[in-house]
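Note sheet for the following structure.
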Amino acid sequence: MTVTRAEYCVIACAEAWRDNGEVLASPMGLIPSLGARLARLTFSPDLLLTDGEAMIVRPDGTAEGWLPYRQHLALVSGGRRHVMMGASQIDRYGNQNISCIGDWQRPKRQLLGVRGAPVNTLNNPTSYWVPRHSRRVFVEKVDLVCGVGYDRADGARFHRIPRVVSDLGVFDFATPDRSMRLASLHPGVSVAEVREATGFELSVPENVSLTREPTSHELELIREVLDPQGARAKEV
């Protein structure tokens with residue numbers, strides 16, 4: 001069967017946790033959650049998943065342990081958590097905004113607020129998921145820095161942005177100045193489309209790879225175990 005764009009996005013999100021070992025995965029959003037659970041069921045069996053409160057859970061949501069708040073904070077502050085957040089805006093260096101659009105003193109739009117973004121980005125690896133890649137999200141300069149990018153994180157021991165996943169492709173910061181680079185295109189997407197939908201000059205390698213294909217086992221898990229109702233298609 002044909003692999004859908006949403007399924008490529010699940011695979012791309014899952015790859016964020018490859019080789020992470022025993023760290024706490026904190027995915028925000030359906031596609032990242034499916035990715036984290038898929039990683040746990042396949043190539044990252046030591047990954048820790050939570051119910052968002054105080055329990056360590058299996059990919060099916062059943063409890064397998066207790067995570068007291070003090071232990072959760074120890075993981076967060078010690079680089080042993082990998083969160084995948086959303087981004088209302090993100091710039092070339094990975095600075096992220098989820099607080100407001102416009103001047104913060106008189107914003108045009110009020111969003112979630114800064115919340116835990118500074119702590120997340122300075123104390124543990126943070127990736128991002130953007131379901132609608134556009135110039136409104138990928139901007140030259142964010143209106144307010146919530147998640148800290150590479151140009152502002154000098155000296156932060158655990159700061160790392162492994163990847164940004166959008167509905168068009170996968171992006172990383174493997175460049176000399178730590179600016180955003182196109183790492184892979186989802187099948188069916190062109191470099192021109194990505195450039196047109198990005199509000200800053202993106203680093204593009206001469207040969208851009210495609211996001212990898214899911215295995216038949218991974219497709220079976222996505223379609224029959226993790227998301228049999230097909231809710232992933234509503235997010236992408």
Rounded to whole angstrom, the alpha-carbon centroid of region 153-218 lies from that of region 59-81 at a distance of 29 Å
Distance in nm between residue 64 and residue 233 label points, each 7 Å along Cα→Cβ, equals 3.1 nm
Among beta bridges assigned by DSSP with both residues in the chain, the antiparallel ones amount in percent, to the nearest 5, to 50 percent
Two pseudo-spin positions, 7 Å from Cα along C-beta at residue 56 and at residue 141, lie apart in nanometres by 4.5 nm
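So what is Rg over Rh here for region 30-160, counting just Cα atoms and using Kirkwood for Rh?
1.00
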Projected convex hull area of region 1-77, Cα atoms, direction-averaged, in nm², equals 5.4 nm²
Cβ-Cβ cut-off under 14 Å around residue 102, Lys and Arg +1, Asp and Glu -1: the net charge is +3
Over the chain, the sum of -39500 (n - 2.57) across DSSP H runs of at least four, divided by residue number and rounded to 500 deg cm²/dmol, gives at 222 nm -6000 deg cm²/dmol
The correct pair for the chain, radius of gyration to one decimal and Dmax as a whole number, both in Å and from Cα atoms, is 17.3, 51
Taking 24-37, 46-59, 133-146 and ranking on average Cβ neighbours within 10 Å, highest first, one gets 24-37, 133-146, 46-59
Once normalised by the length of the chain, the mean sequence separation of its alpha carbon contacts under 8 Å that are 6 or more apart gives a contact order in percent of 20 percent
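No lab work stands behind these numbers, since they all come straight from the coordinates. Just so we're clear, the structure is a prediction, and the values are computed from it rather than from any experiment. So basically every Cβ, Gly included, is an ideal-geometry build from the backbone, and we count neighbours across all protein chains shown.
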